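Report on the following structure.
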Amino acid sequence: MTGPAPGVRGRVVIVGGGHAGATLAGLLRRGGHQGEVLLLGDETDFPYQRPPLSKGVVICAIADDTATARREAAAQIAFYVAPKAYGPVMEASGFGAEAAAVQAAFRAGDHQSMIAAVSDKMLDRMAVAGTVDEVRDALPVIERRYDHAALYSPSFTVPPERVAENTEAIIETFGRRDPLSSPRSRDTIASRVQNLHRSDR
């Protein structure tokens with residue numbers, strides 16, 4: 001790969017707004033390019049590191065009542081944002097105010113205020129929640145950030161039976177039929193997910 005010689009001030013146009021494009025823009029600057037660097041792409045987010053076969057875990061709550069599902073997803077987001085270490089990450093993502101409110105409520109032991117501090121915009125960026133149709137429509141927007149996305153049921157402040165119910169709904173909505181055709185297999189998966197979530201509470 002070749003680029004402008006150090007000190008060149010001409011415009012460079014990079015087509016592709018993903019990790020590779022952002023890396024190239026950075027290399028140009030570090031190599032001494034002083035001109036304009038124009039990065040073109042159809043990404044909805046700013047460039048971020050996305051190595052090959054990247055995997056992401058997406059919080060997913062499915063319920064007949066949209067408000068219930070969204071509250072469950074907001075609770076899980078609040079749980080993860082509560083540690084101070086996540087403050088800078090949330091600030092960089094545009095959710096610094098929400099994170100500060102969540103962390104203040106966490107220090108006060110107020111779970112309800114933690115959940116309430118999660119804005120709709122924050123929730124829609126980090127989770128999919130609602131009815132089956134709403135979740136199906138929302139998932140592609142988040143899923144495109146990864147090569148593989150795994151759906152994760154909320155569990156913070158959520159009763160174990162509801163975690164199992166939601167896990168079943170995720171499997172019904174997005175899972176492949178053949179590997180999960182056995183009721184025993186489905187029960188095993190729900191049980192494992194429930195056990196994995198016990199430490200969240």
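So how far apart, in nm, are the two label points at Arg136 and Leu27 if each is 7 Å from Cα heading toward Cβ?
Taking the two extended label points, one gets 4.3 nm.
Just check segment 70-173 against the gyration tensor rule for me: Cα atoms, a ≥ b ≥ c as the square roots of the eigenvalues, rounded for a/c under 1.5, and otherwise prolate or oblate depending on whether a/b exceeds b/c.
It comes out oblate by the Cα gyration axes.
Going by average Cβ neighbours within 10 Å, how do the peptides 114-121, 133-140, 66-73 rank, with the highest at the top?
Going by the mean number of other Cβ atoms within 10 Å, highest first, we get 66-73, 114-121, 133-140.
Read the figures in this text as sums done on the coordinates, not as results from a lab. Computed from a predicted model, the values in this text were never measured in an experiment. So basically every Cβ, Gly included, is an ideal-geometry build from the backbone, and we count neighbours across all protein chains shown.
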